[in-house]
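A quick write-up on the structure given underneath.
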Amino acid sequence: MLKHLLLIQMAFIAIYGASLRDSIVFDGPSGQWLRDPRIILDDVSGVPPALRLNPVGYHHYDEMTAYLRAVNAAYPQLTSLYSIGQSVQGRELWVLLISTTPSEKTILKPEVKYVGNIHGNEPVGRELLLRLIQHLLVNYPQDDYVRFLMETTNIHIMPSMNPDGFEVSREGDCGGVQGRYNANGKDLNRNFPDLFKGGKNNGDPQPEANAISRWMNQRQFILSAAFHGGALVASYPFDNKEVTLNLPHLGGRYQPSLTPDDDTFKHLATMYSFNHRKMHSAGACFPGDTVFPNGTTNGAAWYYLAGGMQDYNYVWNGAMELTLEVGCCKYPKGETLPEYWEDNKQAMLKYLGEAQRGVRGQVFDSQSNPISNANIRIKGRTFGSKTTNLGEFWRILMPGVYTLQVEADGFLPSEQTFQVEEGLPTLINVSLRRGTDKTNTFNDRIPLPQLQPAQPPRRTSIFSSLSNFFGGLGRAK
Ligand SMILES: [Zn+2]
């Protein structure tokens with residue numbers, strides 16, 4: 001009986017896998033899309049004036065909002081504009097979804113996000129994301145790689161996570177902290193639950209960070225990047241380490257804090273830095289600053305921080321997030337923005353293609369009903385994710401042989417070995433049998449704490465300002 005079921009399942013995988021592969025339009029020979037996207041120069045001559053960006057200036061909240069609305073109105077078949085909440089001062093936290101299926105529920109189309117301007121005074125990422133929006137939409141008709149991205153991926157772009165901080169920041173301020181924090185004086189990249197602090201929120205939960213958490217509970221993101229400034233490096237988890245209580249040594253004696261997915265993170269960071277025009281070969285930003293070989297670093301090896309967003313993405317949601325520092329000056333003059341865009345364009349586009357790596361599939365019961373909220377994990381990698389309400393899961397993995405572990409309440413746990421190849425996602429559908437045998441359950445699973453409810457806004461005291469200063473030291477990430 002078991003053998004019979006297995007045969008049926010294998011046949012299903014073969015048929016379903018083939019149909020998925022057929023539905024993905026690859027650019028050139030197998031795997032070519034990962035290495036050589038054909039990027040063409042932006043031609044905005046045919047773009048209506050309302051959709052054109054100021055190429056040499058920043059877009060404040062009203063201009064950004066008008067631009068996003070105009071884009072959404074002009075491209076209703078390719079975009080969806082939504083807000084995940086409001087900042088402390090009531091500004092919308094806009095997200096533009098770009099995809100060939102912005103309003104439909106698609107099966108197994110991965111969700112990817114780019115978040116800019118988490119620190120209000122680091123707005124280059126905000127502007128890069130506005131330009132990326134324009135690039136994707138203008139080039140969709142004639143650029144095979146752009147079309148491939150939009151057909152295979154749901155690309156969620158949030159230009160500004162800290163719109164209040166941006167409005168009080170000063171153009172030309174390369175190294176300061178004015179505008180870094182939200183309107184309650186809190187550093188949003190220190191405001192998430194932290195694995196190394198027992199899963200507790202690091203500080204009073206802020207509306208902007210809570211909005212991100214709710215968003216991530218609604219969508220199973222698998223790949224992400226947050227854009228910062230003040231350095232030139234692609235940084236990957238973990239940012240924190242058990243030794244937080246030992247005050248960090250400012251002499252550069254920080255130790256790496258590596259995840260079980262270090263191979264994937266190193267690949268993603270290297271992929272970004274080598275497709276960036278300068279990051280992979282840059283020296284120190286300023287005399288005495290850290291030099292990053294290949295333009296990448298483990299977050300903790302640079303310096304420790306608690307409550308960071310990239311660790312939160314990875315530990316609690318299985319989303320692989322990088323912290324991208326895109327320039328030595330946090331808030332450079334607007335006339336330099338075209339150069340920043342040219343520096344980052346290829347890296348930003350190719351990074352999105354990484355969502356096609358690894359494994360994906362659905363979890364069903366024996367009647368082929370999808371099982372939501374099942375725990376998914378790759379054996380030996382500790383941090384997993386949950387299935388969506390269609391039973392879907394994804395995981396970015398490098399080529400190799402892995403074991404998928406699945407468990408759900410009321411079902412017997414399952415293990416399945418599979419192979420990941422370069423250039424094609426592996427598809428596995430898992431069928432769980434009802435039962436209560438718990439002998440095989442994940443015995444080293446880390447309990448996932450509930451987020452604490454948001455606190456009402458409070459006035460910033462001198463003490464929280466001081467703790468922000470020491471927690472952030474005015475540094476990039
Ligand atoms: Zn930053």
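Is there a residue being farther than 21 Å from P256 by Cβ and either hydroxyl-bearing (S, T, Y) or surrounded by 18 or more Cβ atoms within 10 Å (Cβ to Cβ) (or both) anywhere in segment 305-317? The answer is yes; a qualifying residue exists.
For residues that are of a type in the set (D, E, K, R) and touching a helix residue (DSSP H, G or I) at 6+ places or on another chain (Cβ under 7 Å), scanning just segment 346-388, find the one that is nearest to H228 (Cα to Cα). It would help to see each step written out before you state the result.
To start, the set of residues in segment 346-388 that are of a type in the set (D, E, K, R) comprises 350, 354, 357, 360, 365, 377, 379, 381, 386.
Retained after the next criterion (residues that are touching a helix residue (DSSP H, G or I) at 6+ places or on another chain (Cβ under 7 Å)): 350, 354.
Details: K350: 19, E354: 20 Å.
So, considering only residues that are of a type in the set (D, E, K, R) and touching a helix residue (DSSP H, G or I) at 6+ places or on another chain (Cβ under 7 Å), the one nearest to H228 (Cα to Cα) is K350.
Taking I133, is it β-branched (V, I, T), surrounded by 22 or more Cβ atoms within 10 Å (Cβ to Cβ) and either in the same structural domain as E325 (by TED's automatic domain parsing) or outside any helix (DSSP H, G or I) (or both)? For I133, the condition - β-branched (V, I, T), surrounded by 22 or more Cβ atoms within 10 Å (Cβ to Cβ) and either in the same structural domain as E325 (by TED's automatic domain parsing) or outside any helix (DSSP H, G or I) (or both) - is met. Within segment 325-355, the residues that satisfy the criterion of being within 16 Å of the ligand (Cβ to nearest atom) and over 15 Å from the mean Cα position of the chain (by Cα) are V326, G327, C328, C329, K330, Y331, P332, Y340, N344.
In this structure, does L108 turn out to be modelled with pLDDT of 95 or more and either small (G, A, S) or touching a helix residue (DSSP H, G or I) at 6+ places or on another chain (Cβ under 6 Å) (or both)? Quick ask: steps written out before the conclusion?
Details: modelled with pLDDT of 95 or more: yes; either small (G, A, S) or touching a helix residue (DSSP H, G or I) at 6+ places or on another chain (Cβ under 6 Å) (or both): no.
Here the answer is no, as L108 does not meet what is asked.
Somewhere in segment 162-175, is a residue surrounded by 17 or more Cβ atoms within 10 Å (Cβ to Cβ), at pLDDT below 95 and outside any loop (DSSP other than H, G, I, E, B)? No, the conditions are met nowhere in segment 162-175. Against the definition (more than 16 Å from Y340 (Cα to Cα) and either outside the structural domain of A70 (by TED's automatic domain parsing) or buried (at least 24 other Cβ atoms within 10 Å of the Cβ) (or both)), how does H119 come out, yes or no? Here the answer is yes, as H119 does meet what is asked.
Scan segment 176-190 for residues that are within 16 Å of the ligand (Cβ to nearest atom), at negative phi and part of a loop (DSSP other than H, G, I, E, B) and report the count.
Of segment 176-190, the ones within 16 Å of the ligand (Cβ to nearest atom) are 176-182, 185-190.
Remaining after also requiring at negative phi: 176-178, 180-182, 186-190.
Okay, now just the ones that are also part of a loop (DSSP other than H, G, I, E, B), so 176-178, 180-182, 186-187.
Count: 8.
If we only count strands (runs of 3 or more DSSP E) wholly inside segment 374-467, which ones have 1 or more residues that are modelled with pLDDT of 55 or more and under 24 Å from F196 (Cα atoms)?
Numbers: elements: 375-378, 392-395, 400-407, 414-420, 426-431.
Qualifying strands (runs of 3 or more DSSP E): 375-378, 392-395.
Tell me whether segment 333-342 contains one or more residues that are of a type outside the set (V, I, T), touching a residue at least 24 places away in the same chain (Cβ under 8 Å) and under 30 Å from D409 (Cβ atoms). Taking every residue of segment 333-342 in turn, none turns out to be of a type outside the set (V, I, T), touching a residue at least 24 places away in the same chain (Cβ under 8 Å) and under 30 Å from D409 (Cβ atoms). Residues in segment 344-373 that are assigned to a loop (DSSP other than H, G, I, E, B) and surrounded by 21 or more Cβ atoms within 10 Å (Cβ to Cβ): R357, G358, I371. Evaluated against (1) part of a helix (DSSP H, G or I); (2) touching a His at 6+ places or on another chain (Cβ under 9 Å), L97 falls short on exactly one condition, (1). One residue stands out among those in segment 274-324 that are farther than 14 Å from P237 by Cβ and among the hydrophobic types (A, V, I, L, M, F, W, C): the one that is nearest to the ligand (Cβ to nearest atom), which is C285. Put simply, of R52, R91, R38 the only residue that is out of contact with any His (no Cβ under 8 Å at 6 or more places or on another chain), farther than 24 Å from A319 by Cα, modelled with pLDDT of 95 or more and not assigned by TED's automatic domain parsing to the domain that holds I396 is R91.
Is it true that some residue in segment 307-316 is in contact with an Asp or Glu (Cβ under 6 Å, 6 or more places away or on another chain) and among the aliphatic types (A, V, I, L, M)? No: zero hits.
In segment 136-153, which residue that is outside any helix (DSSP H, G or I) and touching a residue at least 60 places away in the same chain (Cβ under 8 Å) is farthest from the chain's Cα centre (by Cα)?
Within segment 136-153, the first condition is being outside any helix (DSSP H, G or I), and the residues that meet it are 140-143, 153.
Now restrict to residues that are touching a residue at least 60 places away in the same chain (Cβ under 8 Å): 140, 142-143, 153.
Values: Y140: 22, Q142: 27, D143: 24, T153: 13 Å.
Per the criteria, the residue is Q142.
Answer yes if at least one residue in segment 212-222 is surrounded by 24 or more Cβ atoms within 10 Å (Cβ to Cβ), farther than 25 Å from G327 by Cβ, away from the ligand (no atom under 14 Å from the Cβ) and aliphatic (A, V, I, L, M), and no otherwise. The answer is yes; a qualifying residue exists.
With the condition kept exactly as written, say whether any residue in segment 350-357 is among the hydroxyl-bearing types (S, T, Y) and outside the structural domain of K278 (by TED's automatic domain parsing). So that I can check it myself, show each step before the final result.
Of the residues in segment 350-357, the ones among the hydroxyl-bearing types (S, T, Y) are 351.
Right, trim to outside the structural domain of K278 (by TED's automatic domain parsing) and you get none.
No, every residue in segment 350-357 fails to be among the hydroxyl-bearing types (S, T, Y) and outside the structural domain of K278 (by TED's automatic domain parsing).
Going by what's in this entry, would K105 be described as over 27 Å from G57 (Cβ atoms), more than 16 Å from the ligand (Cβ to nearest atom) and touching a residue at least 24 places away in the same chain (Cβ under 8 Å)? Reasoning before the result, please.
Values: over 27 Å from G57 (Cβ atoms): yes; more than 16 Å from the ligand (Cβ to nearest atom): yes; touching a residue at least 24 places away in the same chain (Cβ under 8 Å): yes.
It is true that K105 is over 27 Å from G57 (Cβ atoms), more than 16 Å from the ligand (Cβ to nearest atom) and touching a residue at least 24 places away in the same chain (Cβ under 8 Å).
Close Cβ contacts (under 7 Å, 6 or more residues apart or on different chains) running from residues in segment 282-307 that are within 11 Å of Q255 (Cα to Cα) to residues that are aromatic (F, W, Y) and modelled with pLDDT under 95 comprise A300/Y254; A301/Y254; W302/Y254; Y303/Y254; Y304/Y254. Here L232 fulfils each of the conditions (1) within 16 Å of the ligand (Cβ to nearest atom); (2) at pLDDT below 95 apart from (2).
The values are calculated or read from the model by the stated rules, or taken from the named source; none is laboratory data. Since this is a predicted model, take the numbers as computed values, not measurements. Positions of Cβ are backbone-derived with ideal geometry, glycine not excepted, and every protein chain shown enters the neighbour counts.
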